[in-house]
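Okay, so here's the structure we're looking at.
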Amino acid sequence: MCVLQSACFRIHVELSCRIRLVGWITKIQMALLNRRLALPLTHLSSTVIQRHLSITGACQAIQKLTRVRVVDNSALGNTPYHRPPKCIHVYNKTGVGKVGDKILLAIKGEKKKALIVGHKMPGPTMTPRFDSNNVVLIDDNGNPLGTRIKTPIPYSLRQRGEFSKVLAIAHNFV
């Protein structure tokens with residue numbers, strides 16, 4: 001009996017290490033592992049599995065500390081700097097920014113407002129998904145700091161009716 005308990009303990013330690021390395025393990029994988037080892041692994045507590053199982057989804061668009069890309073030709077957004085611009089606040093109830101939301105950026109040691117014109121997360125049906133989180137720098141009144149937007153922006157911004165001056169300097173819509 002001692003040999004079986006030490007073997008079970010060794011399996012428990014190996015599985016715990018594997019769970020920590022992999023990051024998560026499903027119940028189906030546990031069932032397959034039970035069959036392969038021909039030992040019931042009931043001694044593996046559910047807390048070990050739950051602690052390393054992430055149930056949250058992928059990043060929901062733009063939130064605090066998200067790196068963004070400035071896509072207008074403003075002087076502040078185009079000169080190189082050793083740190084990328086980061087979101088430090090989202091101006092809505094949820095704290096998660098989608099296309100058309102205002103955010104506060106930390107860029108070159110300054111705080112500037114920006115408008116989200118594209119993000120990586122897939123949105124509703126028939127809305128474009130971008131390769132980077134794109135923003136346009138704006139002042140407090142909502143006027144853009146640049147004179148041209150270098151990338152296409154979603155057509156859904158035009159339908160919202162807000163930010164007409166930002167839409168006026170955009171050349172491409174998707």
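The values are calculated or read from the model by the stated rules, or taken from the named source; none is laboratory data. Just so it is clear, the structure is predicted and the values come from calculations on it, not from any experiment. Cβ sites come from the backbone with ideal geometry, for glycine too, and all protein chains shown count toward neighbours. Side chains included, ligands, DNA and RNA excluded: accessible areas come from the protein's heavy atoms. Shrake-Rupley method; radii C 1.70, N 1.55, O 1.52, S 1.80 Å.
Residues in the stretch 152-174 that are part of a helix (DSSP H, G or I) and either touching a helix residue (DSSP H, G or I) at 6+ places or on another chain (Cβ under 8 Å) or not basic (Lys, Arg) (or both): Ser156, Leu157, Arg158, Gln159, Ser164, Val166, Leu167, Ala168.
Please work out which residue is farthest from Tyr81 (Cα to Cα), limiting yourself to the stretch 108-152 and to residues that are of a type in the set (Asp, Glu) and open to solvent by 60 Å² or more (accessible area, probe 1.4 Å).
Residues of the stretch 108-152 of a type in the set (Asp, Glu): 110, 131, 139-140.
Keeping just the survivors that are open to solvent by 60 Å² or more (accessible area, probe 1.4 Å) gives 110, 131, 140.
On the way: Glu110: 12, Asp131: 21, Asp140: 24 Å.
Step by step, filter the stretch 108-152, then rank; the result is Asp140.
Of all residues in the stretch 62-75, which are in contact with a Pro (Cβ under 9 Å, 6 or more places away or on another chain) and open to solvent by less than 100 Å² (accessible area, probe 1.4 Å)? Even if it seems obvious, please write down each step before you answer.
Narrowing the stretch 62-75 to residues in contact with a Pro (Cβ under 9 Å, 6 or more places away or on another chain): 67-70, 72, 74.
Correct list: Val68, Val70, Asp72, Ser74.
For the stretch 124-151, a residue qualifies if it is out of contact with any helix residue (DSSP H, G or I) (no Cβ under 8 Å at 6 or more places or on another chain) and part of a strand (DSSP E or B), and the qualifying residues are Asn134, Val135. In the stretch 73-95, the residue that is nearest to His171 (Cα to Cα) out of those that are among the aliphatic types (A, V, I, L, M) and part of a strand (DSSP E or B) is Val90.
Scanning the stretch 96-130 for residues that are touching a Pro at 6+ places or on another chain (Cβ under 7 Å) and charged (D, E, K, R) yields one hit, Arg129. Could you tell me whether Gln50 is at pLDDT 90 or above and open to solvent by 70 Å² or more (accessible area, probe 1.4 Å)? Here the answer is no, as Gln50 does not meet what is asked.
The set of residues in the stretch 96-107 being open to solvent by less than 20 Å² (accessible area, probe 1.4 Å), under 25 Å from Arg158 (Cα atoms) and outside any loop (DSSP other than H, G, I, E, B) consists of Gly97, Ile103, Leu105. Every test in (1) at pLDDT 90 or above; (2) assigned to a loop (DSSP other than H, G, I, E, B) is passed by Met121 save one, and that test is (1). In the stretch 120-143, the residues that are farther than 14 Å from Asp101 by Cα form Cβ pairs under 6 Å with partners that are aliphatic (A, V, I, L, M), at six or more places apart or across chains, as follows: Met121/Ala61; Pro128/Val174. Might you check whether a residue that is acidic (Asp, Glu) and without any contact (Cβ under 8 Å) to a residue 60 or more places away in the chain occurs anywhere in the stretch 65-85? No, the stretch 65-85 contains no residue that is acidic (Asp, Glu) and without any contact (Cβ under 8 Å) to a residue 60 or more places away in the chain.
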